[in-house]
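Have a look at the structure below, then the notes.
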Amino acid sequence: MNILITGGAGFIGSHLCERLLTEKHKIFCLDNLFTGSKDNINHLENNPNFKFIEHDIIEPFFIDQDLDQVYNLACPASPIHYQENPVRTIKANTIGVINMLGLARKHNARILQASTSEVYGDPEIHPQPEDYRGNVNQIGPRACYDEGKRAAEALFFDYHRMHGMEIKVARIFNTYGSRMAFEDGRVVSNFILQSLKGENITIYGSGEQTRSFCYIDNLVDGLIKMMNSPKEITGPINLGNPNEFTIKHLAERVINLTGSKAKLVYKDLPQDDPQKRQPDINKAKEFLGWSPKIDLVEGLEKTIEDFKNRL
Ligand code: UDP
């Protein structure tokens, strides 16, 4: 198949490109390299089935080759990056999404949207099922991303209803693994880097807030299963690991696994930082036959190894 992956030079995108190349597909990897990096895809560039195109989805995009599937992953995903130019973040999720839906429509291609657990905001229901409509502060600093992604979902379903397009909406929860950007400011990358360098581990707030982390390889399996599910399955479907723990617990685990002498230091909690998060993955189990397999310790060991090699 001919498959377009936007955000293909990013953390999740590059793993997805790699996996789909092993399945012998032809991959067109689109990225504006704002948070994505050529370092993530250098090892793929000699593969004749891989083509990188530097492009921002906010601008219209046309391609001569037929497309069978489009994975739309293009959007800065870490709070520091999506808040750097919030208007641009909203544009990627509205104008950019319209451009990609239009492209998929023209090619009669199936399209998958990388949505996010952020559509639930700071959730009042726990764990979060897909029919929970969320608790987002629409005027806060995270709104450019949260409301942007909510608008993207609305656009997907409008194109589906208006034009009968084959759509898939996957809501991705916190994901970690090799190739996470060092400067992303995410909790897993920060803690591993700080531990390896013997710096203080920065816990925002009390550290009692919770998250549930899914290892990248499992997430990629879920995305591919979702894309190739029967056409009636549009989603939204949550993809994530329901194993929930506090941020403090994560810090202790990382210190333990790296054998670091790093100390915990407490900093202010960012505004609108969700207190808890855990996916309800019953739909993913039922409709995709998917659930994550790699546990936290195994996933952290692999990630720490990758960070050590890159440092
Ligand atoms: N966090 C932290 N220290 C850090 C980076 C993040 O305590 O150095 C916290 C952050 O406040 C949040 C959680 O870890 O409660 C997850 O943050 P991340 O940015 O990785 O993901 P998100 O908030 O988007 O789930």
(message) I want to confirm something. Restricting to segment 40-74 and keeping residues that are charged (D, E, K, R) and not in a loop (DSSP other than H, G, I, E, B), which single residue is surrounded by the fewest Cβ atoms within 10 Å (Cβ to Cβ)?
(response) Glu54
(message) Is it the case, given these coordinates, that Leu288 is touching a helix residue (DSSP H, G or I) at 6+ places or on another chain (Cβ under 9 Å), away from the ligand (no atom under 12 Å from the Cβ) and in contact (Cβ under 8 Å) with a residue 12 or more places away in the chain?
(response) yes
(message) Out of everything in segment 155-185 that is among the small types (Gly, Ala, Ser), away from the ligand (no atom under 14 Å from the Cβ) and in contact (Cβ under 8 Å) with a residue 40 or more places away in the chain, what residue ends up being farthest from Gly259 (Cα to Cα)?
(response) Ala170
(request) Could you please let me know if Gly148 is touching a Ser or Thr at 6+ places or on another chain (Cβ under 9 Å) and in a loop (DSSP other than H, G, I, E, B)? (result) no
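Name the strands (runs of 3 or more DSSP E) wholly within segment 221-310 that hold at least 2 residues that are out of contact with any Lys or Arg (no Cβ under 9 Å at 6 or more places or on another chain)? Steps first, please.
Values: elements: 237-239, 244-246, 264-267.
Here the list reads 264-267.
Could you run through segment 143-179 and say how many residues are more than 27 Å from Ala104 (Cβ to Cβ) and surrounded by fewer than 23 Cβ atoms within 10 Å (Cβ to Cβ)? If you could, list the steps in order and put the result at the bottom.
First, pick out the residues of segment 143-179 that are more than 27 Å from Ala104 (Cβ to Cβ): 174, 176-178.
Checking which are surrounded by fewer than 23 Cβ atoms within 10 Å (Cβ to Cβ) leaves us with 174, 178.
Of the residues in that region, 2 qualify.
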(message) Taking the condition of being outside any helix (DSSP H, G or I) and either touching a residue at least 60 places away in the same chain (Cβ under 8 Å) or β-branched (Val, Ile, Thr) (or both), how many residues in segment 5-22 meet it?
(response) 5
(request) Collect the residues in segment 83-141 that are outside any loop (DSSP other than H, G, I, E, B), in contact with a strand residue (DSSP E or B) (Cβ under 8 Å, 6 or more places away or on another chain), over 25 Å from Leu67 (Cβ atoms) and hydrophobic (A, V, I, L, M, F, W, C), keeping them in residue-number order. (result) Val119
(request) Would you mention how many residues in segment 128-147 are within 19 Å of the chain's Cα centre (by Cα), within 20 Å of Lys283 (Cβ to Cβ) and not acidic (Asp, Glu)? (result) 3
(message) Give me the residue from segment 237-256 that is surrounded by 19 or more Cβ atoms within 10 Å (Cβ to Cβ) and under 18 Å from the mean Cα position of the chain (by Cα) and, out of that set, nearest to the ligand (Cβ to nearest atom).
(response) Gly240
(message) Please go through (1) surrounded by fewer than 20 Cβ atoms within 10 Å (Cβ to Cβ); (2) under 25 Å from Cys144 (Cβ atoms); (3) more than 9 Å from the ligand (Cβ to nearest atom) for Lys231 and return the number of the only condition it doesn't satisfy.
(response) (2)
(message) Can you pull out every residue in segment 22-39 that is farther than 21 Å from Ile63 by Cα and loosely packed, with under 12 Cβ neighbours inside 10 Å?
(response) Thr22, Glu23
(request) Kindly list the number of the only condition in (1) within 23 Å of Leu73 (Cβ to Cβ); (2) modelled with pLDDT under 95; (3) among the charged types (D, E, K, R) that fails for Asp273. (result) (1)
(request) Show the residue pairs that are 6+ apart or on different chains and have beta-carbon atoms under 9 Å apart, the first residue being within segment 228-254 and closer than 30 Å to Gly164 by Cβ and aliphatic (A, V, I, L, M), the second being away from the ligand (no atom under 14 Å from the Cβ) and in a loop (DSSP other than H, G, I, E, B). (result) Ile237/Glu130; Ile237/Ser229; Ile237/Ile281; Ile237/Trp290; Leu239/Ile281; Leu239/Trp290; Leu239/Pro292
(request) Scan segment 186-199 for residues that are near the ligand (Cβ under 10 Å from one of its atoms) and assigned to a loop (DSSP other than H, G, I, E, B) and jot them down. (result) Arg186
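The values are calculated or read from the model by the stated rules, or taken from the named source; none is laboratory data. Since the structure is predicted, the reported quantities are computational estimates derived from the model, not experimental observations. In this analysis, Cβ positions are derived from the backbone assuming ideal geometry, glycine residues included, and neighbour counts consider all displayed protein chains.
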